[in-house]
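Values in this text are rule-based calculations from the coordinates and carry no lab data. Please read all numbers here as calculations on a predicted model, not as lab measurements. Because the Cβ atoms are built from the backbone with ideal geometry, glycine has one as well, and the counts that use them run over all protein chains shown.
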Amino acid sequence: MMHQSSSSTTITTTSVNGFYDFLTHSLDDLYHSFNFQNFMSVHFLQLVLASLQSFHSQLTLLVHKLHLPVGEKWLDEYMDESARLWEVCHVLKLGISNMENYCSMGSNIPSFLENHNLNPQILSQVLRSTNRCQREKVRLEEENKSLVESRIKPLMMKFDEDMIIESKFNGFNGFRGVLYALKNISSLLLKIMLNALVYCSHETSFSSSSYGNTICYNESQMVFGSGFMVSATRLNDRVKMSEEGQNGILLHEFRNTGQAMDELKTELESIRGFETEFDVSERVEKLKNCFQGLHSGVENMIVQLDDFFDEIVESRKELLDLCIHTISI
């Protein structure tokens, strides 16, 4: 599992303010990482998921420091949010897993060309294979689009810029504010991953919402640890700028495979009917590397998500046991 090597990991979260500082530093690190490469790569998305994991685990640790009352609503509120987190991550895993058949089909194309001489019969077979793979790409995006539209809308994926002016979040020694912050930032990070790995649709698109207030606040106006909201809005605006005008699966490695396949197909079609030998090894190698990169990225993301599922289960059990143990004392 990928872990962030940023300075944010040195921030202690033994207090509410410490948790907000942790969010701020982590979000700033994500902003700089994305700003450096300017596209949705597997590497960036692993950092996003690692940040989400860190936020959730640090919240669990913070509960032990806050001496929360047993039998109060804070546990129900945490259970609701962790259930929402689980459900969105399950959609993520389904969407990513849907890529596996596409990866398998695409990987077969270069291996076929590497093992055969390029004669008219082989050329026709390869073109049929590329056509099938392109149809699979369309089918994959349609299936993922349906998945997002049917499963994500009920989960209230809203990034709320107005939370910094609310006062109701001081409940349970500040835990309610911390939990709402986690929910708010989780929505932002989950939308980034959904757009890149599953499908960029109206339900998850950053361009469908407005986030204009937070970035205008200066330090003298900040309350309630709201510096992290400025960092979140900056990340949101940067991703929104990159996403603008795009739809479908935004993952850089996924888009690279489509481009490489189009290039190979165009070249193969242009040489059809000619008796002269043509060298398409460069196009074949590019396609091979693109699908290898995508397949490796898909596998890594699935492993990381499975780790997160285990962590969510363990945290839910830990906080429930904490309450039961406190009652018995």
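Before moving on, here are some points about what is shown:
- For CYS200, nonlocal amide neighbours, meaning residues 5 or more places apart or on other chains whose placed amide H falls under 5 Å from its own, are GLY248, ILE249, LEU250.
- Residues TYR20, TYR199, TYR180 arranged by fewest to most Cβ contacts within 10 Å: TYR180, TYR20, TYR199
- Segment 31-145: Lys pairs at Cα distance under 27 angstrom, eight or more positions apart or on different chains: 4
- Relative pair counts by distance (%), Cα atoms of segment 56-140, 5 Å bins: 3, 12, 13, 12, 9, 7, 6, 7, 6, 6, 6, 5, 4, 2, 1, 0
- In terms of surrounding Cβ atoms within a 10 Å radius of their Cβ, THR257, THR60 rank from fewest to most as THR60, THR257.
- What the phi angles of segment 241-248 give under the Karplus curve with 6.51, -1.76 and 1.60, with θ = phi - 60°, is a coupling list of 4, 6, 7, 3, x, 9, 8, x Hz, glycine and proline written as x.
- Residue-normalised convex hull volume from the C-alpha trace of segment 30-77: 90 Å³ per residue.
- Charge sum, other residues only, whose C-beta stays under 12 Å from LEU287's C-beta, Lys/Arg counted +1 and Asp/Glu -1: -2
- A cut-off under 15 angstrom between Cβ atoms defines the neighbours of HIS32, and their net charge, with Lys, Arg +1 and Asp, Glu -1, is -1.
- In order along segment 304-310, the phi-based Karplus estimate (6.51 cos²θ - 1.76 cosθ + 1.60, θ = phi - 60°) of 3J(HN,Hα) comes to 5, 5, 4, 4, 5, 4, 4 Hz; Gly and Pro are listed as x.
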